[in-house]
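All remarks here apply to the structure that follows.
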Amino acid sequence: MTQWAIEATALTRRFGELAAVSSLDLQVPSGSIYGFLGPNGSGKTTAIRMLTGLLKPSDGHVSVLGLSLPQEAEALKRQIGYMTQRFSLYEDLTVWENLQFVARIYSLGFREARKRIQQLLSTYGLEALARQRAGSMSGGQRQRLALAAATLHNPSLLFLDEPTSAVDPQNRRDFWEQLFDLCDRGTTILVSTHYMDEAERCHRLAILDSGQKRADGPPEVLMATMGARVVELEAPDLRQLKQDLLGLPEVVSAAQLGARLRVLVDDRVERPQQWLAGLPQARMATSLEAVRPSLEDVFVTCTGAAREGQ
Ligand SMILES: Nc1ncnc2c1ncn2[C@@H]1O[C@H](COP(=O)(O)OP(=O)(O)OP(=O)(O)O)[C@@H](O)[C@H]1O
């Protein structure tokens, strides 16, 4: 196995005037869970489609599992699994029939298919639903079926495009347990999401915005090196305080969270807590607390989202 499951250099896809993905450099380590974090329209699906060989890049080089794309896309197909954003199985077929259909696509023999399907039904808690039509299942059940279908042929690389957008928090947690199980068994996973908590579970991630990669690395490194520190304030008039603080060049962003104001202070300010406490704008503050950064803070600092949203 090569060190990198995916390597891309200057990967670009244009649709007319629009650069949906622009000069993307990427290295995804084998055996890890790698995240694409970005808002709607940031280019996550377009990048994934290029990395699966389904969409031709306008520019750049891509190698996936040692195969050059798009030239070797056909050879790649059997080695990857792809769970698309929308449920792409047959709603009129039962769970069993859907999996049988996928097994036929991968030319599994009758016995082999039956064994593998039974295995998958057990892994993904679908045994009792085997004879149920996919169209009548809940979001979480459909998602488990889609994951079973995407992994039926034991791919070494799995692409998941916003897999948890239609499921509740408990199902999301269970789903991530299943991803870690797959990863423990050696599968490399590339997963796109716009949920920050989900991105934080990845071993590494790339932050995408308007088709460009703004940052990449392990979540804890991104949080430690984002160039700002976080202080939460409590005060009587948070809306006014927010406006006042945003006028200061040292303040990267300020966002209200319930009764608190979360302030990102440029890390050139040595003691952000004391600095804020000494500002006349913050004289009414009743509490000031330094807190751990989140990926949302990283996102705000590297995309400039906070200032645009003022
Ligand atoms: N086939 C296409 N033709 C024209 N424009 C496209 C096409 N596919 C995507 N785009 C545009 O490219 C940009 C990136 O879209 P993409 O679907 O890759 O983003 P995304 O991050 O996956 O968004 P979402 O979270 O909404 O799925 C968008 O502006 C989109 O409208």
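Please treat every number below as a calculation from the coordinates, not as lab data. Bear in mind that the values here come from a model prediction, so they are computed numbers and not experimental data. Counting neighbours? That spans all protein chains shown, and the Cβs are built from the backbone with ideal geometry, glycine included.
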Which FRET efficiency value, to the nearest 0.05, do you get for A290 and Q27 by plugging their Cβ-Cβ distance into 1/(1 + (r/R0)^6) with R0 = 45 Å?
0.85
Which trypsin sites (Lys or Arg not before Pro) in segment 238-279 sit in a loop by DSSP (not H, G, I, E or B) and have at most 12 other Cβ atoms within 10 Å of their own Cβ?
R268
Can you compute the modelled spin-label distance between L246 and C302, with each label point 7 Å from Cα toward Cβ, in nm?
2.4
Would you give the gap between the C-alpha center of segment 231-310 and the C-alpha center of segment 81-110, rounded to a whole Å?
49
At R0 = 41 Å, how high is the FRET efficiency between F101 and H203 if r is their beta carbon distance? Nearest 0.05 is fine.
0.80
A student applying the Cα gyration tensor rule (rounded when a/c is under 1.5; otherwise prolate if a/b is larger than b/c, oblate if not) would label segment 227-292 rounded
Shape call for segment 180-310 from the C-alpha gyration tensor, a ≥ b ≥ c root eigenvalues: rounded (a/c under 1.5), prolate (a/b greater than b/c) or oblate?
prolate
Between Q3 and R283, what is the FRET efficiency for a Förster distance of 51 Å, r being their Cβ-Cβ separation, to the nearest 0.05?
0.40
Have a look at segment 4-222 and give its Rg and Dmax from the Cα atoms, expressed in angstrom.
17.1, 51
Would you count, across the chain, every pair of lysines whose alpha carbons are under 20 angstrom apart, provided the pair is eight or more residues apart or spans two chains?
5
Find, among the GluC sites (Glu not before Pro) in segment 1-84, those assigned to loop by DSSP (not H, G, I, E, B) with at most 16 other beta-carbon atoms within 10 angstrom.
E17, E72
Extended-chain gain in nm, criterion 0.36 nm per residue less alpha-carbon gap, A128 and D168:
12.3 nm
